[in-house]
Amino acid sequence: MIGIGDPGPLGRILIRGEAGHDTVPELYPEYGEPVIDKPGTGAFTYTDFDLLLRVKGVKNLIPCGVTTDVCVHSRMREATDRGYDCSLVKDACAATSPELHEFAIMSTTAEGGVLGVVSLAQYVIEGIEHGLEAEIIVG
């Protein structure tokens, strides 16, 4: 199993300063778009993410990224604790193993969906194409 800090094709995996740490070019923010530079596994701790979302009136989050079981799940836990609703995009996340990814997906909807719901990228894209308002915040 490969983990954070292990050698990868773009340097050490998920380590600041390594080539693989940066946002992929297709998702790189345009000038003026907000970027949350998170110092840990969650996006809310020691950042202005919550303030940014509240100022914009955001109530629903669509978390995706890596790793499903650590950073994405931390973001969801922090978000639900602050009153946000989350829809995890199953096929827009990855973990260091398929088992960890599936466990994170399963635990999202445990206990009646305490952390949120699970969706697929296709449905999120269709929703945006049919008028669902969305803004991408990289973090």
For PHE103, state whether it is of a type in the set (Phe, Trp, Tyr) and either farther than 25 Å from GLY127 by Cα or more than 13 Å from the chain's Cα centre (by Cα) (or both). yes
Residue ID - nearest to the chain's Cα centre (by Cα), chosen from residues in the range 20-51 that are surrounded by 11 or more Cβ atoms within 10 Å (Cβ to Cβ) and assigned to a helix (DSSP H, G or I): PHE49
Residue in the range 111-126 that is farthest from GLU78 (Cα to Cα), counting only those that are of a type in the set (Val, Ile, Thr) and in contact (Cβ under 8 Å) with a residue 24 or more places away in the chain: VAL124
Is there any pair with a first residue in the range 7-33 that is more than 19 Å from VAL70 (Cα to Cα) and a second that is among the acidic types (Asp, Glu) whose Cβ atoms are under 7 Å apart and which are 6 or more apart or on different chains, and what are they? LEU10/GLU18; GLY11/GLU18
Do you know which residues across the range 101-118 are out of contact with any Lys or Arg (no Cβ under 6 Å at 6 or more places or on another chain) and buried (at least 17 other Cβ atoms within 10 Å of the Cβ)? HIS101, ALA104, THR108, LEU115, GLY116
For the range 52-96: of the residues being among the aliphatic types (A, V, I, L, M) and in contact with a Pro (Cβ under 8 Å, 6 or more places away or on another chain), which is surrounded by the most Cβ atoms within 10 Å (Cβ to Cβ)? VAL72
Please verify whether MET76 is in contact (Cβ under 8 Å) with a residue 60 or more places away in the chain and of a type in the set (A, V, I, L, M), treating the condition exactly as stated. no
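Laboratory data are not the source of any read-out in this text; all were calculated from the coordinates shown. These figures come from a predicted structure and were not determined experimentally. Quick reminder, even Gly has a Cβ in these numbers, built from the backbone with ideal geometry, and neighbours come from all protein chains shown.
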